[in-house]
Each structure stands twice: as structure tokens, then as C-alpha cells.
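The values are calculated or read from the model by the stated rules, or taken from the named source; none is laboratory data. Because the structure is predicted, anything quoted here is derived from the model rather than measured. Cβ: placed from backbone, ideal geometry, glycine included. Neighbour counts: every protein chain shown. These area figures cover heavy atoms from the full protein model, side chains too; ligands, DNA and RNA do not enter into them. Shrake-Rupley method; radii C 1.70, N 1.55, O 1.52, S 1.80 Å.
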Amino acid sequence: MTGLRVLAVDDVPPALEDICQLLREAPEVAEVTGAGDALTALRMIQSERFDAVFLDISMPGLDGLELAGLLAKLSEPPVIVFVTAHDGHAVTAYGIGAVDYLLKPVRAERLSAALGKVLRMLPAGAPRSPALADALAALPVESRGRTRYVRRSEVLFVEAQGDYVKLHTRGGVHVVRMPISRLAEYWEGSGFVRVHRGYLVALDAVRELRSDSVGGLLAHTAAGDVPVSRRHARELRERLLRAAQRSELGR
């Protein structure tokens, strides 16, 4: 297993499929299972291990709040995230111990933030994803019905595009549904530097620093130039100097 095991619970089939699809597209998630009612979900949780449950509140019979209350009594309960069309239960939801409360329709950036909270709640000894433990060393890229994996070591710089990022490699550009803020959390400890609100660059991919036509700073890589904001320029120069002293530049 190379990611989170997540159970999504919603009694409305289209809503269940929507949240399941969003979860499947999230790099943090390895496996997604859906349940159409709370009792089915409870039986599944009692027989299988899930890292997190994304739970609708308004369901016939046993509702989401009641199910969460039952799960809280387990010796090793999954992390709870509520997904609902109504915001009136937020206080109760957090009181039960939910780590987040998502309103439908769920945006990829909010889902990513919730998954980040799930990861931080998992105990140190939990069977965490090898990929996550290595800060998402590879990302799945969907294209024309096929999935390929782009290794972090292939990426020279990352460009933000709304809820997506563009991974710039020597071989081309690959688009992944993930906000750059979330990717920065994982990759900034693995040789990537935030040089601009919308850009990350691999430190060892920077060949030189250049000035643009209006005096701005650019980090030159084999895949193109990356704008560097004034805010990040000093840190980048210092880190490049340290990397050069260790002979770590020039990819």
C-alpha cells in the first residue's frame, strides 16, 4: 500500500461518486471505498482498517454524526472528515472530534487541506504510505485514459495553475491536480525551493541566475526560466551558494 486507505460515506449515489473521484485523484490517497449508508460503513470499519472516513451528515436511519460518535469509541478509530451541503452542524462535528468540515461541492484545494490534517492526526507508528514518508517521491499523471508516474527527481520546476500544478521536466510538462501550497509542504524538504507565489524550483536544477528585461530575477533551468520574487531572492541565493559549495548544482 502506498497511501491512505479512505472510506467515503454518502446515501446519494452521485454525491458519493463525486467525493470518491476527488479522493482517487488525490496523490495522498491509495485506495478509496464507498458506502451508501452508515450501517454498511460501520460494518466495513469493524472488519477493515481505514485511515480516514469522509462522512456525509444527513442520511436516513443512522446519520453521520451518530456514526462518528460510535467510531470515536473504537480503540483505534479512523480520522473523521465531514462532507455536507449544510454548515449548521459544524460545532457538533468538531465536538465529536472531526478534523475538518467540508461543504459541498468540495474543491480540490479544500480536500487537499483536509487530507493534510488527516496525515498529521495519524499516530507515529501507523502504517503510513512509503510514498508519503518520502514526501510524494512520484506523482500520478492522468492522460487519455492512462496513468504514468512522474518522479520528483525528473521535475526541474513546478508552476501553479489554480487547483493544479504543471510539472516541468526535460521531457515535457505534466499536469497534476494538486495545489502548489500542498506540494510545497511535501517537496520543500527534498531539494525544492519556493521562489515565487506560483513557482517551486529544484535547487540542483538551477544553472544560473539571470536578470529579465525589467530588472527582475530569473532562475535558469534546462526546462526554462523561473521567475524569482524579491521576497524569495535572498534565500535562493544563499541556498544556491551552499549547494555550490557541496557540488550539488547543475542537473
Per residue of region 24-31, what does 6.51 cos²θ - 1.76 cosθ + 1.60 with θ = phi - 60° give for ³J(HN,Hα)? Whole Hz please, x for Gly and Pro, Karplus curve as stated. 4, 7, 7, x, 6, 9, 9, 9
Find the accessible area per residue for the chain; the probe is 1.4 Å, ligands and nucleic acids are left out, and the unit is Å². 51 Å²
Given a 1.4 Å probe and every protein chain left where it sits, what share in percent of the accessible area of the chain is carbon and sulfur? 50 percent
What's the FRET efficiency of R242 with S211 using the Cβ-Cβ distance as r and R₀ = 22 Å, to the nearest 0.05? 0.50
Which residues' amide hydrogens lie under 5 Å from the amide hydrogen of A138, considering only partners 5 or more residues apart or on another chain, with H built in the peptide plane? R152
Tell me which residues come under 5 Å, amide H to amide H, from I80 once H is placed; ignore anything under 5 positions away on its chain. V53, V99
Neighbour cut-off at most 16 other Cβ (10 Å), DSSP loop, trypsin sites (Lys or Arg not before Pro), region 162-225: R170, R197, R207
With the crude spin-label approximation of a point 7 Å out along Cα→Cβ, what separation in nm comes out for T92 versus M44? 2.3 nm
Starting from the alpha-carbon convex hull of region 1-55, give the projected area averaged over all orientations, in nm². 3.4 nm²
Just to check I understand the Karplus step: with θ = phi - 60° and J = 6.51 cos²θ - 1.76 cosθ + 1.60, what whole-Hz values come out for region 185-194, glycine and proline as x? 4, 7, 9, 5, x, 10, x, 9, 10, 7
Long-range amide H partners of V29 with built H, under 5 Å: L4
Highest-MSF residue in the chain out of L203, L74, L102 [GNM, Cα springs under 10 Å]: L74
What list of ³J(HN,Hα) couplings, whole Hz, do you get for region 141-147 from phi and the Karplus terms 6.51, -1.76, 1.60, once you set θ to phi - 60° and write x for glycine and proline? 10, 8, 7, 6, x, 10, 10
Specify which residue in the list I45, H89, L183 is farthest towards the positive end of the charge dipole of the chain, using unit charges on the beta carbon of Lys, Arg (+1) and Asp, Glu (-1), about the Cα centre. L183
Treating the angle as unsigned and between 0 and 90°, give the value, to the nearest 10°, between the Cα long axis of helix 38-47 and the longest Cα principal axis of the chain. 70 degrees
Given labels modelled 7 Å from the Cα in the Cβ direction, how far is it in nm from R197 to L74? 4.2 nm
What's the magnitude of the charge dipole for the chain around its Cα centre, counting Lys and Arg as +1 and Asp and Glu as -1 at the beta-carbon? Answer in Debye, nearest 20. 1260 debye
Can you tell me, using C-alpha contacts under 8 Å and at least 6 residues apart, the relative contact order of region 1-81 as a whole percent? 33 percent
